[in-house]
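Values in this text are rule-based calculations from the coordinates and carry no lab data. Keep in mind it's a predicted model, so treat the numbers as computed, not measured.
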Amino acid sequence: MENRGQLPDKKENAFRDISYYAHTRGVNIYCKNDRISFVFTRITKYSASKDLTNFEKLSNQKNHNLPDSTKTEVSRMEMQFVNANPDMHILSAEKQPYYEKYYLAYCPEGITSNAFKQLTYKNLWPDIDLVLRSSQSNGLEYSFIVNPGGNINNIQIQWNGADTMNMLENNLGIRYSNGLGHIQESGLKSYLEGSKQNISCKYIISERENIGFHVDEYNGKRALVIDPTLIWGDLFWWE
C-alpha cells in the first residue's frame, strides 16, 4: 500500500519517511528510502482468574467472571542499505484493484491509498536496483539488479534488531533471529537477466557484520540478477 499521509505516529503526525507498507503473514513491513523495517507482534492471551491462587480469593471477587487480558509485545528488524544513494527513488508497478480510503482527524478531506504488487528502489546504489515483489507463498520476494557499470561490492546490508545471525550451510543462506521470531534468507541464486545461465554466488559478511555478495566473473555488459528467497516464521501467535 502507498503511504499518502494516512500513517500516524504517536503524536498523530503523518509518517513522511515511509513510502509504502504491507501487512502479511503476521508482520508489518515498512519501506523507507534507506531501509525496510519488519515489525513483529506477539499477543499473549490469559484469563485474569489465573492469578487467583485459591477459592477464597475467587469468592471475595465482586465479579467471578473476570475479563480475559492480553499482553502485546512488539519488536523490529531492519534491513538497512549501507551508504545508499540519497537520490534514489521508489517506483511502483502492477497497480491492484484493491484500495483503501481514510477519513481521519488529521486528514478530514480523505486519503485514497492504492495497492501495488511490485516496487523498485531505482539506483539504490549507482546502477544497482532493488526489486520487491509480493508473493502469496513467501510473503515478500526481493532481488538486486546489477546493471552494466554497477559494482556488486557496493551492496552492503546491515541487519538491525537481530539478536543472532547464523550463516547456513555453504554460505547460501542466513538466519536472523530475535525473541519474537526469525527472518531467513535462503535459496540464493544469481543469473544474467534474460538468460538461464546461472552465475555462482554466495553471501559474505564483512568485519562490521554487513552482508554482501560474491559472484564469479560474468559478462558485465548484461544485467546480473541476485535473487535470494526471504521467509519468516514464529512472528505472530496467541499463547
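With just the Cα atoms defining each centre, how far is segment 146-193 from segment 78-115? Give it in Å. Centre-to-centre distance over Cα atoms comes out at 25 Å. With 28 Å as the limit, the listed pairs Lys71/Lys101; Lys32/Lys101; Lys101/Lys189; Lys95/Lys202; Lys71/Lys117 have Lys71/Lys101; Lys101/Lys189; Lys95/Lys202; Lys71/Lys117 beyond it between alpha carbons.
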